[in-house]
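S.K.: I have a structure here, written as structure tokens, and I will follow up with some questions on it.
The values are calculated or read from the model by the stated rules, or taken from the named source; none is laboratory data. Worth saying up front: this structure is predicted, and the values here are computed from it rather than measured. Please note: Cβ atoms are built from the backbone with ideal geometry, for glycine as well, and neighbour counts cover all protein chains shown. Heavy atoms of the whole protein, side chains included, go into the accessibility calculation; ligands, DNA and RNA do not. Shrake-Rupley method; radii C 1.70, N 1.55, O 1.52, S 1.80 Å.
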Amino acid sequence: MRRGRLRRDRRSRRTCRTDRRRRTDRRVLPLYQEGLCVVLPVRHPLAGEDTVGLRALADEPLLRYAGASPAWSAVWNADPRPDGTRWLRGPDVHDMEEILAYVRAGGGVVRVPESVAAVFPRPDIAYVPLADVPPGTVALAWNGDRPSPLVETFVDATRTTAPGVTRPTPGSAPAP
């Protein structure tokens, strides 16, 4: 029984797509918009650019998140890309240190949110904003059909500390 509770608790911290079919049990509190960057070794020819388009990365192998579902990988990696081409398959990765090691060695590139770039600065790694990828919405999502004082307290704390956050509505989704 305890194991089941832990599993349920983990689900409340996962990412979820808010633009798919609306669920009446899901509550969503949009927080902010965040762009994506491509992670490159500093010696890469595109590392010094202000922005990079997906087309410029056509010959780069894309690192894959190990254990991710094909559907999640397709959305997160924009695979296929808007022009219909597919990424070259790079190695599977498990964590950020492994990602940085592969990138540093020239084994592939990966897309990460801007916040990840801020947390993992390295002198031998470049984080270049992607020019032709729309920003995503970072949101807090939880099951509204399972009231929890702990979740309610966390949501209230988030609402009071995050500027511009509004009260969520059932099945609400952030604006595109």
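S.K.: Would you point out the residue of the stretch 105-157, among those that are of a type in the set (D, E) and closer than 30 Å to L88 by Cβ, that is surrounded by the fewest Cβ atoms within 10 Å (Cβ to Cβ)? Step through it out loud before you land on a result.
M.R.: So the first thing to find is which residues in the stretch 105-157 are of a type in the set (D, E), and the list is 114, 124, 132, 145, 152, 156.
Now restrict to residues that are closer than 30 Å to L88 by Cβ: 114, 124, 132.
Working: E114: 16, D124: 11, D132: 14.
The qualifying residue surrounded by the fewest Cβ atoms within 10 Å (Cβ to Cβ) is D124.
S.K.: Could we say that E49 is of a type in the set (D, E, K, R), over 13 Å from D132 (Cα atoms), touching a residue at least 12 places away in the same chain (Cβ under 8 Å) and in contact with a Phe, Trp or Tyr (Cβ under 9 Å, 6 or more places away or on another chain) here? Don't jump to the end; show me each part of the working.
M.R.: Working: of a type in the set (D, E, K, R): yes; over 13 Å from D132 (Cα atoms): yes; touching a residue at least 12 places away in the same chain (Cβ under 8 Å): yes; in contact with a Phe, Trp or Tyr (Cβ under 9 Å, 6 or more places away or on another chain): no.
Judged against the criteria, E49 is not a match.
S.K.: A follow-up question, please. Note down all Cβ pairs under 7 Å where the first residue falls in the stretch 114-130 and is within 15 Å of G48 (Cα to Cα), the second is among the charged types (D, E, K, R), and they're at least six residues apart or on different chains.
M.R.: Going by the 7 Å Cβ cut-off, the qualifying pairs are D124/R104; I125/R104; V128/E49; L130/R111.
S.K.: Right, next: Take the residues of the stretch 33-47 that are within 20 Å of V116 (Cβ to Cβ) and part of a loop (DSSP other than H, G, I, E, B): which is modelled with the lowest pLDDT?
M.R.: We begin by selecting, within the stretch 33-47, every residue within 20 Å of V116 (Cβ to Cβ); these are 33-42, 44, 46-47.
Now drop any that are not part of a loop (DSSP other than H, G, I, E, B), which leaves 35, 42, 44, 46-47.
Working: G35: 92, V42: 97, H44: 97, L46: 97, A47: 96.
Of everything passing the filter in the stretch 33-47, G35 is modelled with the lowest pLDDT.
S.K.: If you check A101 against the conditions, is it closer than 16 Å to L40 by Cα and either free of Cβ contacts under 8 Å to residues at least 40 places away in the same chain or surrounded by 14 or more Cβ atoms within 10 Å (Cβ to Cβ) (or both)? Reasoning before the result, please.
M.R.: On the way: closer than 16 Å to L40 by Cα: yes; either free of Cβ contacts under 8 Å to residues at least 40 places away in the same chain or surrounded by 14 or more Cβ atoms within 10 Å (Cβ to Cβ) (or both): yes.
It is true that A101 is closer than 16 Å to L40 by Cα and either free of Cβ contacts under 8 Å to residues at least 40 places away in the same chain or surrounded by 14 or more Cβ atoms within 10 Å (Cβ to Cβ) (or both).
S.K.: Mind telling me which of the residues V119, V151 ends up being within 16 Å of the chain's Cα centre (by Cα), at pLDDT 90 or above and over 18 Å from W76 (Cα atoms)? Reasoning before the result, please.
M.R.: Numbers: V151 fails: within 16 Å of the chain's Cα centre (by Cα).
Checking each option against the conditions leaves just V119.
S.K.: Looking only at the stretch 56-97, count how many residues are open to solvent by 40 Å² or more (accessible area, probe 1.4 Å), closer than 13 Å to R111 by Cα and touching a Lys or Arg at 6+ places or on another chain (Cβ under 9 Å).
M.R.: Final tally of qualifying residues: 2.
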